[in-house]
Amino acid sequence: MSKKICLLPCNGLDKALGVITREVSLKVIEKDSSIDLICPVLYNTNEKKYDEILKDAQIIVIDGCSTRCAAKLADMKGQKISKRIFIPDMTKKFQLRPGKKLVLDIDGEKLVEKIAEEIFTEFITELTTVTEKKEERKFVGVEYFEITVDKYHFRVPKEGYYFNENDCWAKIEGKTALVGITDYFQNKAGDVIFVDLPTIETKIEQFDEVADFESVKALLQLISPVSGNIIDVNNELENSPEFLNCDAYEQGWVAEIELADLEEDKELLMDGPTYFEYMKRKIVEEN
Amino acid sequence: MISVKPKIGIIACSGEKLVEGTLTRVATRIVVEKLRPFTTTIICQPLFMAGDINHKGGGSEREFAKKHKTITIEGCDEECGKVAVERYSAPATATIYVKEIMKQHPEFIPNSPQDIGDDGMKLAEIIAQEVAKKVDELYKSQ
């Protein structure tokens with residue numbers, strides 16, 4: 001079952017775009033009453049009112065200006081933010097400039113409609129899909145080849161994973177594959193501090209870039225071992241990029257790809273035992 | 001020598017989901033933009049709440065409400081505006097309860113917080129007039 005989705009708008013009053021956050025929120029709950037709306041002022045004054053609603057909820061914050069009051073409020077209350085909407089970005093995206101009058105003008109109304117639509121088609125769909133998939137997604141009984149060189153420990157899954165020469169993996173799960181980076185890759189990269197996840201529904205070819213990483217040492221890319229369509233991403237990495245270092249083959253998965261032609265892709269991939277030997281040779285050469 | 005009196009700060013409850021919340025917002029803007037633009041200023045409650053954050057925070061809002069007179073406009077019994085002003089700055093100088101005004105004008109009560117319609121706008125004007133009266137009283141007393 002999916003987690004509850006809540007909207008937390010800034011509800012600003014002194015700027016036109018703050019007003020938009022409220023209108024958007026009301027529009028969204030009008031279309032789907034299962035979504036809860038958090039009143040920021042009441043949440044600030046009497047947070048107990050929302051204890052039950054916010055338990056295990058996924059929160060979408062909507063901020064109207066760069067003060068980002070809604071995001072700050074969520075942070076102050078120790079809430080994890082699942083998605084952030086920043087209205088000035090949306091005005092640029094949709095090329096709409098609402099006026100400052102009491103009643104929304106045509107651009108303001110259009111902007112409210114567009115953002116509400118985007119919340120449904122992009123954010124809520126993604127959050128629902130991710131939640132459902134995560135509940136199904138389990139990494140049970142993965143066995144590893146292991147080797148320690150100096151102070152570094154490297155693992156390679158024995159079965160079920162395929163690897164390319166760019167030190168990225170694909171774990172095949174029927175018609176889809178999870179992709180990520182190997183232990184060797186993360187060891188070389190150092191601590192990952194930021195992950196730029198791909199957009200769902202992006203088509204990629206084998207050896208295309210799936211995602212960018214920023215580590216303490218460098219900017220790096222996950223090069224896809226397989227071709228297909230991205231159907232899911234690991235949003236947990238946005239808040240916990242360290243999963244790529246501490247659990248590269250399981251919690252550190254980056255994206256899920258609906259496979260286009262696995263048999264063809266496999267021609268340029270290595271299985272676990274082969275990649276383990278390949279990785280050991282690279283380590284020996286470097287030392 | 002010209003003596004400049006400080007403006008009166010207006011804080012709307014801004015409550016979500018409630019028509020009362022919308023009415024407080026609209027009434028506040030009518031007061032500050034149309035009825036008393038030279039003697040009032042909006043204190044944006046969300047910004048006010050984020051006030052002690054140094055960068056781009058609403059610290060100036062909190063400072064204003066500490067030193068100057070404020071009117072909160074409350075939409076429901078939670079009295080969020082009043083509670084917030086007292087918590088972060090100083091007790092509000094006056095409070096207007098929208099529900100009391102609504103009781104006197106049941107014919108104008110709107111159904112939807114998203115679209116209060118023409119009747120809702122009339123009610124917001126009436127609330128704004130009440131706020132403006134209070135503004136005049138407080139402004140003159142300075």
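The values are calculated or read from the model by the stated rules, or taken from the named source; none is laboratory data. These numbers come from a predicted model, not from an experiment. Here the Cβ positions follow ideal geometry from the backbone for every residue, glycine too, while neighbour counts run over all protein chains shown. Protein only, heavy atoms only, side chains kept; ligands, DNA and RNA dropped before computing areas. Shrake-Rupley method; radii C 1.70, N 1.55, O 1.52, S 1.80 Å.
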Task: P(r) of the protein assembly as shown over all Cα-Cα pairs, binned every 10 Å from zero, in whole percent - done: 4, 19, 24, 18, 13, 11, 7, 3, 0
TODO: Starting from the alpha-carbon convex hull of the range A:50-208, give the projected area averaged over all orientations, in nm².
DONE: 14.4
TODO: Pairs to check: B:Lys7/B:Lys99; A:Lys4/B:Lys17; A:Lys217/A:Lys266; A:Lys55/A:Lys138. Give those whose C-alpha atoms are more than 28 Å from each other in this structure.
DONE: A:Lys217/A:Lys266
- [ ] Compare each residue of the range A:6-32 in its chain alone against the assembly with all protein chains, and report those whose accessible area goes down by 40 Å² or more; 1.4 Å probe, heavy atoms.
- [x] A:Asn11, A:Leu13, A:Asp14, A:Arg22, A:Leu26
Open item on the list: Contact order normalised by length for the range A:144-286, with contacts defined as Cα pairs under 8 Å and 6 or more residues apart; what percent is it?
Closed with: 27
- [ ] Could you list the trypsin sites (Lys or Arg not before Pro) in the range A:16-75 that lie in coil according to DSSP, counting only those with at most 16 other Cβ atoms within 10 Å of their Cβ?
- [x] A:Lys55
- [ ] Taking only protein heavy atoms into account and a 1.4 Å probe, give the accessible area per residue of the protein assembly as shown in Å².
- [x] 47
Open item on the list: Compute for the range A:144-286: radius of gyration divided by Kirkwood radius, i.e. Rg/Rh, restricted to C-alpha atoms, rounded to two decimals.
Closed with: 0.94
Open item on the list: Give me the one-decimal Kirkwood hydrodynamic radius in Å for the range A:135-226, with the sum taken over alpha-carbon pairs.
Closed with: 14.4
TODO: First compute the accessible area of the range A:9-53 with a 1.4 Å probe, then give the percent of it belonging to carbon and sulfur atoms.
DONE: 45
Open item on the list: Starting from the Kirkwood Rh over alpha-carbon pairs, what translational D in µm² s⁻¹ does chain B have by Stokes-Einstein at 4 °C and 1.567 mPa s?
Closed with: 85
Open item on the list: Let's see if you can work this out: charge +1 on each Lys and Arg Cβ, -1 on each Asp and Glu Cβ, no other charges. What is the dipole magnitude of the protein assembly as shown about its Cα centre, in debye to the nearest 20?
Closed with: 2960
TODO: Beyond 27 Å, what share of the Cα-Cα pairs of the range A:5-136 is found? Please give it as a whole percent.
DONE: 16
Open item on the list: Can you tell me, using C-alpha contacts under 8 Å and at least 6 residues apart, the relative contact order of the range A:5-136 as a whole percent?
Closed with: 27
